[in-house]
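Below is one structure, written out as structure tokens, with a few remarks after it.
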Amino acid sequence: MPALTLDTIRTATETLSLLTDYLRESPDPEEALALVEPLLDEYTGLPVQLADTLRALARAVQDHPDTPRTLEVGLLIAELRTAAWEQGDQHTLHYVLDDLRGLYGSAVASEPRCG
């Protein structure tokens, strides 16, 4: 695995920003759904990855020998873990994409066609 750098993480967030800008331009819904689909994958999407990242950060801070063992630090670690649970709960957003695809498909199917 290549070493992570601040630049690689910034590139990822810049890519998300570009996607957001693109979606604000009202692209074709099918294309928009296809672009967002990997981000909301039930197992590997952003909510799951961010939850895992927050839990890993909490563990790294807690387990580091130089971390002060104070109530304040304990509360901060607990906040990271709470945020991780909240993010993890968003894993069901992939169902929203399924429903949107269904609605979009229904709208296309119900349009009158030339005979």
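Points to keep in mind about this one:
- Cross-chain or 6+ apart pairs with Cβ under 7 Å, segment 48-66 first and under 14 Å from E79 (Cα atoms), then of a type in the set (D, E, K, R) and open to solvent by 80 Å² or more (accessible area, probe 1.4 Å): R55/R81; A58/R81
- Any chance T20 is of a type in the set (V, I, T) and within 20 Å of H94 (Cα to Cα): yes
- Test for L57: is it at pLDDT 95 or above and touching a helix residue (DSSP H, G or I) at 6+ places or on another chain (Cβ under 7 Å): yes
- Residues in segment 39-56 that are assigned to a helix (DSSP H, G or I) and under 18 Å from D98 (Cα atoms) were compared, and the one that is least open to solvent (accessible area, probe 1.4 Å) is P47.
- Close pairs from segment 82-94: first more than 20 Å from V36 (Cβ to Cβ), partner surrounded by 16 or more Cβ atoms within 10 Å (Cβ to Cβ) and basic (K, R), Cβ under 8 Å, at least 6 apart: A84/R55
- Selection of segment 82-92 for residues being of a type outside the set (G, A, S) and at pLDDT 90 or above yields T82, W85, E86, Q87.
- Check on L76, assigned to a helix (DSSP H, G or I) and either over 19 Å from the mean Cα position of the chain (by Cα) or of a type in the set (S, T, N, Q) (or both): yes
- Residues in segment 1-38 that are open to solvent by 80 Å² or more (accessible area, probe 1.4 Å) and in contact (Cβ under 8 Å) with a residue 40 or more places away in the chain were compared, and the one that is nearest to the chain's Cα centre (by Cα) is E37.
The values are calculated or read from the model by the stated rules, or taken from the named source; none is laboratory data. Quick caveat, the model's predicted, so the values are computed rather than measured. Virtual Cβ from ideal backbone geometry, glycine too; neighbours counted across all protein chains shown. These accessible areas exclude ligands, DNA and RNA; they are computed on the full protein's heavy atoms, side chains included. Shrake-Rupley method; radii C 1.70, N 1.55, O 1.52, S 1.80 Å.
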